[in-house]
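Trainee: Shown below is the structure under consideration.
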Amino acid sequence: MKKQLIAAAVAAAITLPAAAQQSVEVLHWWTAGGEAAALNVLKGNLEKQGVKWNDMPVAGGGGEAAMTAVRARVTSGNPPTAVQMLGFDIQDWGKQGVVADMNEIAAKGDWDKTVPLALQKFSKHNGKWIAAPVNIHSTNWIWANKDVLAKAGVTAEPKSFDEFIAAAEKVQKAGFVAIAHGGQPWQEATVFDSVVLSTGGIDYYKKAFIDLDPKALNSPTTEKVFARMGQIRKLVDKDFSGRDWNVASGMVISGKAGFQIMGDWAKGEFVNAKKVPGKDFACYRFPGTQGNVAFNTDQFVMFKLADANKAAAQQKLAAAIMEPGFQSAFNVVKGSAPARTDVSDAAFDDCGKKAIKDVAEASKAGTLVGSIAHGHAVPASIKNAFYDVITRHFNGQIDDKKAVAELVSAAKN
Ligand code: GAL
């Protein structure tokens with residue numbers, strides 16, 4: 001018996017290294033309940049293929065902290081296998097020449113034909129696929145607790161900014177928090193995306209925040225945008241400072257608050273809490289922005305790896321991310337629309353179906369625009385300078401006029 005055991009142990013010791021397990025290390029900021037649930041879909045998919053998942057979470061909505069962590073890892077010559085990334089950050093890494101070429105796998109998976117050009121602009125560098133887009137999120141959404149609205153006497157969906165403010169005031173008067181908000185720069189900027197679109201319309205959005213046209217930026221419209229941010233500020237509760245976005249979603253889910261202005265990752269929280277759209281909560285485009293979509297897309301950038309075994313696992317990860325069945329399963333949980341246009345909307349709930357339809361229509365109409373807040377309108381340096389102005393204004397440190405002037409100078413630098 002003892003002899004047999006020793007023999008088995010020796011055999012195991014001999015065979016194990018030969019079958020070295022493939023693994024991926026994935027750096028991301030998906031730590032909220034809904035986000036983690038979505039990530040588990042990807043993890044499960046890889047593990048079924050025999051690829052071990054090493055999780056590298058860096059908490060912090062919007063990914064600022066995660067980007068700092070990536071820089072440290074790459075600088076020290078030890079990049080992770082794949083990194084969740086947004087818009088212009090992807091292009092910045094492309095320029096550094098440290099990312100892998102995924103053209104072969106992209107050709108096999110028909111990425112060129114199925115991923116909208118607005119996304120490809122960020123996923124490809126010098127004609128090479130350097131990132132695999134897993135979704136299309138958008139920021140111009142409102143999430144509402146149906147029961148709270150009914151109790152406050154809000155019976156119809158607000159269709160304009162003023163109607164929204166009137167509805168939120170009713171909610172506040174009824175004793176609820178009107179707008180659940182987390183006081184962090186990226187969250188204020190997320191609200192700003194919607195207010196810009198609603199106040200100035202699509203042409204103003206493009207001119208001022210994508211082309212950075214000084215005239216469009218330095219205008220009465222921008223001043224009105226800040227005035228409206230001030231109106232929203234009056235409708236958040238006193239404890240908003242520093243609150244995480246998913247905690248704010250939780251306030252709407254639990255019936256403490258009426259509304260949240262947030263990207264559709266918020267839906268992941270509602271779904272994770274077993275809430276049903278149309279019954280427990282409502283999703284609508286931020287009033288005055290229907291027809292326009294301010295998008296951001298989470299993409300996985302693959303870094304160049306010397307180890308062949310790791311590089312092979314990396315290719316498996318990229319292929320898995322872009323597989324249509326996976327894109328459906330993942331985005332149903334995440335709250336986003338698939339990054340591929342050939343994925344059916346059958347498995348999605350009403351908010352998800354609306355997201356997919358809105359993206360398709362906006363893409364056709366030329367009204368699918370990159371989110372300012374989530375790195376798809378301007379590069380990170382300008383985005384961060386915008387954050388700073390928007391947040392200081394939200395906290396009453398500068399008035400509307402000063403905020404406009406500072407935004408104009410932030411765009412110049
Ligand atoms: C966004 C990202 C989403 C979601 C959100 C909050 O930038 O695209 O996937 O995670 O941050 O963390």
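The values are calculated or read from the model by the stated rules, or taken from the named source; none is laboratory data. All values reported here derive from a predicted model rather than from experimental measurement. Here the Cβ is made from the backbone with ideal geometry for all residues, glycine too, and neighbour counts use every protein chain on show. In case anyone asks, the SASA skips ligands and DNA or RNA and just uses the protein heavy atoms, side chains included. Shrake-Rupley method; radii C 1.70, N 1.55, O 1.52, S 1.80 Å.
Trainee: Out of 93, 143, 129, 111, I need the residue that is of a type in the set (Phe, Trp, Tyr) and touching a His at 6+ places or on another chain (Cβ under 9 Å). Which one? Outline the logic, then answer.
Mentor: Working: 143 fails: touching a His at 6+ places or on another chain (Cβ under 9 Å); 129 fails: touching a His at 6+ places or on another chain (Cβ under 9 Å); 111 fails: touching a His at 6+ places or on another chain (Cβ under 9 Å).
None of the others qualify; the one that does is 93.
Trainee: Of all residues in the stretch 323-372, which are more than 23 Å from residue 143 (Cβ to Cβ), part of a helix (DSSP H, G or I) and open to solvent by 10 Å² or more (accessible area, probe 1.4 Å)?
Mentor: Scanning the stretch 323-372 gives 324, 325, 363, 364, 365.
Trainee: If you go through the stretch 32-44 one residue at a time, do you hit one that is out of contact with any strand residue (DSSP E or B) (no Cβ under 8 Å at 6 or more places or on another chain), farther than 28 Å from residue 370 by Cα, at pLDDT 95 or above and not hydroxyl-bearing (Ser, Thr, Tyr)?
Mentor: Looking through the stretch 32-44, at least one residue is out of contact with any strand residue (DSSP E or B) (no Cβ under 8 Å at 6 or more places or on another chain), farther than 28 Å from residue 370 by Cα, at pLDDT 95 or above and not hydroxyl-bearing (Ser, Thr, Tyr).
Trainee: Right, something else. Are there any strands (runs of 3 or more DSSP E) wholly within the stretch 222-313 with 2 or more residues that are of a type in the set (A, V, I, L, M), and if so which?
Mentor: In the stretch 222-313, the matching strands (runs of 3 or more DSSP E) lie at 257-261, 293-296, 298-302.
Trainee: A further question follows. Looking for whichever is away from the ligand (no atom under 16 Å from the Cβ), at pLDDT 95 or above, buried (at least 19 other Cβ atoms within 10 Å of the Cβ) and of a type outside the set (Phe, Trp, Tyr) here; the options are 257, 282. Which one fits?
Mentor: Testing whether each residue is away from the ligand (no atom under 16 Å from the Cβ), at pLDDT 95 or above, buried (at least 19 other Cβ atoms within 10 Å of the Cβ) and of a type outside the set (Phe, Trp, Tyr) leaves just 257.
Trainee: Return the residues of the stretch 115-128 that are open to solvent by less than 70 Å² (accessible area, probe 1.4 Å) and over 20 Å from the mean Cα position of the chain (by Cα); say none if nothing qualifies.
Mentor: 125, 127
Trainee: Here's something else I'd like to know. Of everything in the stretch 200-253 that's aromatic (Phe, Trp, Tyr) and away from the ligand (no atom under 16 Å from the Cβ), which residue is surrounded by the most Cβ atoms within 10 Å (Cβ to Cβ)?
Mentor: Out of the qualifying residues, it is 209.
Trainee: Related question: Within the stretch 153-199, can you find the residues that are surrounded by 21 or more Cβ atoms within 10 Å (Cβ to Cβ), small (Gly, Ala, Ser) and part of a helix (DSSP H, G or I)?
Mentor: Hits for the stretch 153-199 are 167, 168, 189, 194, 198.
Trainee: Something else now. Within the stretch 49-96, take every residue that is among the acidic types (Asp, Glu) and touching a residue at least 40 places away in the same chain (Cβ under 8 Å) and give me the one that is surrounded by the most Cβ atoms within 10 Å (Cβ to Cβ). Steps first, answer last, please.
Mentor: Restricting attention to the stretch 49-96, the residues satisfying the condition of being among the acidic types (Asp, Glu) are 55, 64, 89, 92.
Filter again for touching a residue at least 40 places away in the same chain (Cβ under 8 Å), leaving 64, 89, 92.
Values: 64: 18, 89: 24, 92: 16.
So the residue we want is 89.
Trainee: Quick test of your reading of the structure: residue 320 fulfils all but one of (1) without any contact (Cβ under 8 Å) to a residue 60 or more places away in the chain; (2) over 25 Å from residue 142 (Cα atoms). Name the failing condition by number.
Mentor: Condition (1) is where residue 320 drops out.
Trainee: In the stretch 73-117, what residues are closer than 24 Å to residue 368 by Cα and either touching an Asp or Glu at 6+ places or on another chain (Cβ under 6 Å) or aliphatic (A, V, I, L, M) (or both)?
Mentor: Hits for the stretch 73-117 are 84, 85, 86, 90, 106, 114, 115, 117.
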